[in-house]
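Undergrad: This is the structure I want to talk about, given as structure tokens.
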Ligand SMILES: Nc1ncnc2c1ncn2[C@@H]1O[C@H](COP(=O)(O)OP(=O)(O)OP(=O)(O)O)[C@@H](O)[C@H]1O
Ligand SMILES: [Mg+2]
């Protein structure tokens, strides 16, 4: 790791005021350094504060204590260098696939000529293999395709960090596997830094260079960090019996269901 | 098949028959009440020369309706021009909502007829009075529905706008209005309905010209079949206005452009 981390989450607390003087301490003293081009996944039980961390990095919510630095610049508002892929895709239903991406590109890349905009948009539609659906409306395409459009839109503004909050959570397992492969291929091509929240142990191991495991809330924090030493490109079939894969999987299962098992809810 | 025929043809015909029967009975019981046949013959006469103009107070039915429609659209246009911006403001700003809400709640239930004398006193002009009364009674559904539309914009879309750093102006035109437009049209449709209700009452009191005046005038002339004709025509025109608004509303509703 270089001397200065690319993304530095430095002793961050997040406290939600609940009114009547009460408050909920969601995150306590979270520290995490993320390298450029790294894929990091965050895993933990429901309600532990995964989305909260992501929202803080995105700048969509305010930090109570501590600081988050991206290339040494403090994050205090949302911005296009930290693109978000939302869980429910959040495509604008009155725009076609093409227009949804075009709208983002036009706003963020105001240096491009109209002709260049078109090429740029088409490049990212191509990246997620959706040329055939570019003139369709979100309501006319499948959930997996919508999520791919969401990814294309996020990537089209060429962010420094791609933030994904359970991007494949709502999809069936076949579509999910397909999108995981898409994501790994795209990341190999673009070299993006990716932070992805997941509930799924296999997804975490397959996609990540490191898996961040969170303790349960309140006062949730990072419990363990697991390095996944698997070469890329990764092939899900070949990994089924891979020792390193099984070791990582075992470590996460151990963490989630033994050390920090959740018995309530 | 048979059931469908009964539903679409037999039932409406039956209802029409009942209506005519009730009407005829009433006409027999009340001396001077026009029968359906008399009314029908009168209707043909009225519609045969709808554009005649014998000067103030004596004009064809089309001219009367036209002058009512002119006032309705005057007040309606004013209500749109003021109501939509105010609704957007209230929907987007909690402060504006708190400031406006008490006045909206208090003014909304005021009858148009209560405004009429005040408007007459201020404007001393029949047209201006009618337009103002329509404006002040039909603006509320536009304001309320516009604000509702703005508030129905999901947080996810707002987050998209925040990540892209859209300006306030871009937010309104690229995110908020597309969501709010169907709501705004619902408000406009309600508003136009109210405007059409109000104009008849307003014209009865102000006199001069218009379908409301015409009905009252025919009452004074003891020409009761014309009152019934007036009622039917008001209903038909109101129905046409509502249908047209419905068409326009669907055209601007992204959910209804051939997809869900
Ligand atoms: N605006 C808020 N006000 C109060 N408490 C909140 C708020 N947002 C989140 N919380 C609380 O903070 C905790 C963490 O929430 P968060 O949404 O980050 O969990 P999560 O790990 O993403 O869960 P899931 O896996 O179910 O999405 C939860 O206990 C939640 O109730
Ligand atoms: Mg979450």
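Undergrad: Please find, within the stretch A:183-200, the residue that is surrounded by the fewest Cβ atoms within 10 Å (Cβ to Cβ) out of those that are within 16 Å of ligand 1 (Cβ to nearest atom) and modelled with pLDDT of 95 or more.
TA: Top of the filtered list is A:197.
Undergrad: Here's something else I'd like to know. Can you confirm whether the stretch B:51-72 contains a residue that is closer than 30 Å to residue B:168 by Cβ and either over 24 Å from the mean Cα position of the chain (by Cα) or in a loop (DSSP other than H, G, I, E, B) (or both)? Let's see the steps before the verdict.
TA: Going residue by residue through the stretch B:51-72, those that are closer than 30 Å to residue B:168 by Cβ are none.
No, there is no match, as no residue in the stretch B:51-72 is closer than 30 Å to residue B:168 by Cβ and either over 24 Å from the mean Cα position of the chain (by Cα) or in a loop (DSSP other than H, G, I, E, B) (or both).
Undergrad: Continuing with the same structure: Every residue in the stretch A:56-70 that is within 10 Å of another protein chain (Cβ to nearest Cβ) and within 13 Å of residue A:161 (Cα to Cα), please.
TA: A:58, A:59
Undergrad: Sticking with this structure for a sec: Is it fair to say residue A:36 is within 16 Å of the chain's Cα centre (by Cα), away from ligand 2 (no atom under 16 Å from the Cβ) and away from chain B (no Cβ under 14 Å)? Quick ask: steps written out before the conclusion?
TA: Details: within 16 Å of the chain's Cα centre (by Cα): yes; away from ligand 2 (no atom under 16 Å from the Cβ): yes; away from chain B (no Cβ under 14 Å): yes.
Yes, satisfied.
Undergrad: Name the single residue, out of those in the stretch A:56-85 being within 16 Å of ligand 2 (Cβ to nearest atom) and surrounded by fewer than 20 Cβ atoms within 10 Å (Cβ to Cβ), that is nearest to residue A:11 (Cα to Cα).
TA: Step one: list which residues in the stretch A:56-85 are within 16 Å of ligand 2 (Cβ to nearest atom), which gives A:56-58, A:60-61, A:84-85.
Checking which are surrounded by fewer than 20 Cβ atoms within 10 Å (Cβ to Cβ) leaves us with A:60-61.
Numbers: A:60: 18, A:61: 16 Å.
For the stretch A:56-85, the residue satisfying everything is A:61.
Undergrad: Also, quick follow-up: Of (1) facing another protein chain (nearest Cβ under 7 Å); (2) touching a residue at least 60 places away in the same chain (Cβ under 8 Å), residue B:188 satisfies all except one. Which?
TA: Residue B:188 satisfies all of (1) facing another protein chain (nearest Cβ under 7 Å); (2) touching a residue at least 60 places away in the same chain (Cβ under 8 Å) except (1).
Undergrad: Quick check, is residue B:158 under 30 Å from residue A:101 (Cβ atoms), in contact (Cβ under 8 Å) with a residue 60 or more places away in the chain and within 13 Å of chain A (Cβ to nearest Cβ)?
TA: Details: under 30 Å from residue A:101 (Cβ atoms): yes; in contact (Cβ under 8 Å) with a residue 60 or more places away in the chain: no; within 13 Å of chain A (Cβ to nearest Cβ): yes.
It is false that residue B:158 is under 30 Å from residue A:101 (Cβ atoms), in contact (Cβ under 8 Å) with a residue 60 or more places away in the chain and within 13 Å of chain A (Cβ to nearest Cβ).
Undergrad: Scan the stretch A:71-99 for residues that are more than 14 Å from chain B (Cβ to nearest Cβ) and in contact with a helix residue (DSSP H, G or I) (Cβ under 9 Å, 6 or more places away or on another chain) and jot them down. Quick ask: steps written out before the conclusion?
TA: Of all residues in the stretch A:71-99, those more than 14 Å from chain B (Cβ to nearest Cβ) come to A:71-74, A:98.
Answer for the stretch A:71-99, where residues must be more than 14 Å from chain B (Cβ to nearest Cβ) and in contact with a helix residue (DSSP H, G or I) (Cβ under 9 Å, 6 or more places away or on another chain): just A:98.
Undergrad: Tell me yes or no: at least one residue of the stretch A:42-49 is under 27 Å from residue A:158 (Cβ atoms), within 17 Å of the chain's Cα centre (by Cα) and within 16 Å of ligand 2 (Cβ to nearest atom). Can you show your working first?
TA: Within the stretch A:42-49, the subset under 27 Å from residue A:158 (Cβ atoms) is A:42.
If we keep only those that are within 17 Å of the chain's Cα centre (by Cα) as well, we get A:42.
Next, only the ones that are within 16 Å of ligand 2 (Cβ to nearest atom) stay: A:42.
Yes, there is a match, as at least one residue in the stretch A:42-49 is under 27 Å from residue A:158 (Cβ atoms), within 17 Å of the chain's Cα centre (by Cα) and within 16 Å of ligand 2 (Cβ to nearest atom).
The values are calculated or read from the model by the stated rules, or taken from the named source; none is laboratory data. Quick caveat, the model's predicted, so the values are computed rather than measured. We place every Cβ from the backbone using ideal geometry, glycine too, and count neighbours over all the protein chains shown.
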